[in-house]
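**Student:** Sharing a structure here in structure tokens format.
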Amino acid sequence: MKTLIETFYTAFQNCDADTMVSCYHDDVVFEDPAFGKLKGDRAKNMWRMLCKNAKDLKIEFSEIEANTTTGKAHWEAWYSFSQTGRNVHNKIDAQFEFKDGKIIKHIDHFNLHKWASQALGWKGKILGGTSFFRKKLNQQTNTLLNKFITS
């Protein structure tokens, strides 16, 4: 399963969403602070959207560990946040569960307040640690995902 995680992140480095989503089980559940919880095709389409819209994305991954049922990895992303043009360096710890040789559960943990401070500047520093901000961000990211899916 370590190879599966390596395949997933190598594909992400190359913005190869088709390979990324091929690593996911059809019933996958993905969760992170930005999108909240996404299931099945919505989770797969999130990666398709992120890869399609990536302009200056750089991904590095390390510390991959896995057995037959669970795994984890550390990954970092550098990019310009599209809404502000501000540079972001996000550090993420991922947890995985596997079923039928694929990823059935994927949870990304990162410091949303730190991300918001980088992406949004002073507004992010003030609001980025609040539940209000998280809910608003989840609404905005899911609206973007809905538009991507229906386009």
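**Student:** What list of ³J(HN,Hα) couplings, whole Hz, do you get for the stretch 76-92 from phi and the Karplus terms 6.51, -1.76, 1.60, once you set θ to phi - 60° and write x for glycine and proline?
**Tutor:** Along the stretch 76-92, the couplings run 10, 10, 10, 6, 8, 5, 4, 6, 10, x, 6, 6, 10, 10, 9, 10, 10 Hz.
**Student:** How high is the relative contact order of the chain, in percent, with contacts defined as C-alpha pairs under 8 Å that are six or more residues apart? Walk me through the intermediate numbers first.
**Tutor:** Values: 270 pairs, mean separation 34.2, N = 151.
Result for the chain is 23 percent.
**Student:** Return the whole-Å distance between the Cα centroid of the stretch 1-41 and the Cα centroid of the stretch 110-139.
**Tutor:** Cα centroid of the stretch 1-41 versus Cα centroid of the stretch 110-139: 24 Å apart.
**Student:** How would you classify the chain from its alpha-carbon gyration tensor, with a ≥ b ≥ c the square roots of the eigenvalues: rounded for a/c under 1.5, else prolate if a/b is greater than b/c, otherwise oblate? Could the numbers behind the result be given before it?
**Tutor:** On the way: a/c = 1.64, a/b = 1.49, b/c = 1.10.
Taking the square roots of the gyration eigenvalues as a ≥ b ≥ c, the chain is prolate.
**Student:** OK, next. Apply the Karplus parameterisation 6.51 cos²θ - 1.76 cosθ + 1.60, with θ equal to phi minus 60°, to every residue of the stretch 45-54 and state each ³J(HN,Hα) to the nearest whole Hz, in sequence, with x for glycine and proline.
**Tutor:** So the Karplus estimates, Gly and Pro as x, are 5, 4, 5, 4, 5, 4, 5, 5, 8, 5 Hz.
**Student:** What is the extension gain from Asn111 to Gln13, computed as 0.36 nm multiplied by their sequence separation minus the C-alpha to C-alpha distance, in nm to one decimal?
**Tutor:** 33.1 nm
**Student:** Measure of size requested: the Rg and Dmax of the stretch 87-147, with Cα atoms as the atom set and Å as the unit; please supply both.
**Tutor:** Cα only, the stretch 87-147: 14.2, 45 Å (Rg, Dmax).
**Student:** Something else: Ignoring ligands, DNA and RNA, what percent of the 1.4 Å accessible area of the stretch 56-151 is carbon and sulfur?
**Tutor:** Details: 3040 of 5850 Å².
Answer for the stretch 56-151: carbon and sulfur cover 52 percent of the accessible area.
**Student:** Between Asn142 and Glu65, take the C-beta separation as r, use R0 = 30 Å, and let me know the FRET efficiency to the nearest 0.05.
**Tutor:** Values: r = 31 Å, r/R0 = 1.03.
Efficiency, rounded to the nearest 0.05: 0.45.
**Student:** Averaged per residue, what accessible area in Å² does the stretch 17-151 show with a 1.4 Å probe, protein chains only? Before the final figure, lay out the partial values.
**Tutor:** Working: 7630 Å² over 135 residues.
Counting only protein heavy atoms, the per-residue value for the stretch 17-151 is 56 Å².
**Student:** Quickly estimate the mean residue ellipticity at 222 nm for the chain, helices only: each DSSP H run with n ≥ 4 gives -39500 (n - 2.57), and the total goes over all residues, rounded to 500.
**Tutor:** Details: 6 runs with 66 residues, N = 151.
After summing the helix terms and dividing by the residues of the chain, the value is -13000 deg cm²/dmol.
**Student:** Could you order Arg48, Arg134 so the one with the most accessible surface comes first? Probe is 1.4 Å. Present the calculation step by step, with values, prior to reporting the outcome.
**Tutor:** Values: Arg48 80, Arg134 105 Å².
So the residues, ranked largest to smallest area, are Arg134, Arg48.
The values are calculated or read from the model by the stated rules, or taken from the named source; none is laboratory data. This is a predicted model, so every value here is computed, not measured. Note that we place each Cβ from the backbone using ideal geometry, even for glycine, and neighbour counts take in every protein chain shown. All accessible areas refer to the heavy atoms of the entire protein, side chains included, with ligands and DNA or RNA removed. Shrake-Rupley method; radii C 1.70, N 1.55, O 1.52, S 1.80 Å.
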